[in-house]
Amino acid sequence: MAQIEIIEKTPMNLVELKTELKKIQKRDGELTFRGGKTEEYLNDFASMPKKSADELVEKLKGLNIARLKDEFIHKIVDFLPDTAAELKIILQGYTLSLNNDDLAKIVKIVKDYC
């Protein structure tokens with residue numbers, strides 16, 4: 001079996017994953033069983049256009065919130081929280097605490113894309 005080396009780990013949201021899966025399908029002709037199941041899931045849950053998702057990621061990065069890493073930004077894009085309470089629920093799985101002003105800024109930007 002070939003030795004696999006991980007060169008880089010980069011977080012991505014569901015919309016980016018859907019795009020990459022399409023590239024793989026085009027390259028290989030068909031997807032594996034897992035790839036097919038993943039594609040079904042993404043068709044159900046990744047409904048935002050790629051351009052909108054990329055714009056949202058850039059706007060969230062533009063807030064310059066020091067503790068808000070790419071990993072968290074992509075998770076926010078996946079779930080698109082409508083309220084600060086929903087955003088807190090999404091981020092409670094991480095060791096991240098944001099003040100109410102930052103939460104309000106994030107929710108305000110996300111509401112434009114819902």
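The values are calculated or read from the model by the stated rules, or taken from the named source; none is laboratory data. The model shown is predicted, which means the values in this text are computed figures rather than measured ones. Please note: Cβ atoms are built from the backbone with ideal geometry, for glycine as well, and neighbour counts cover all protein chains shown. Areas reflect the complete protein model, heavy atoms only, side chains present, ligands, DNA and RNA absent. Shrake-Rupley method; radii C 1.70, N 1.55, O 1.52, S 1.80 Å.
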Out of all the residues in the stretch 84-107, which are part of a loop (DSSP other than H, G, I, E, B), over 16 Å from the mean Cα position of the chain (by Cα) and small (Gly, Ala, Ser)?
-> 97
Out of all the residues in the stretch 33-44, is one or more open to solvent by 70 Å² or more (accessible area, probe 1.4 Å), in a helix (DSSP H, G or I) and in contact (Cβ under 8 Å) with a residue 40 or more places away in the chain?
-> no
Among (1) among the polar types (S, T, N, Q); (2) open to solvent by 70 Å² or more (accessible area, probe 1.4 Å); (3) more than 13 Å from the chain's Cα centre (by Cα), which single condition is residue 47 missing?
-> (3)
Hits in the stretch 60-83 (condition: in contact (Cβ under 8 Å) with a residue 12 or more places away in the chain, over 16 Å from the mean Cα position of the chain (by Cα) and open to solvent by 40 Å² or more (accessible area, probe 1.4 Å)) | 63, 67, 83
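Looking for whichever is closer than 17 Å to residue 112 by Cα and among the basic types (Lys, Arg) here; the options are 26, 59, 22. Which one fits? Steps first, please.
On the way: 26 fails: closer than 17 Å to residue 112 by Cα; 22 fails: closer than 17 Å to residue 112 by Cα.
Unique residue meeting the criteria: 59.
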For residue 19, state whether it is among the polar types (S, T, N, Q), within 16 Å of the chain's Cα centre (by Cα) and part of a loop (DSSP other than H, G, I, E, B).
-> no
Of all residues in the stretch 11-26 being open to solvent by less than 50 Å² (accessible area, probe 1.4 Å) and of a type in the set (Val, Ile, Thr), the one that is nearest to residue 52 (Cα to Cα) | 15
Which of (1) open to solvent by less than 100 Å² (accessible area, probe 1.4 Å); (2) over 23 Å from residue 113 (Cα atoms) does residue 5 not meet, given it meets every other one?
-> (1)
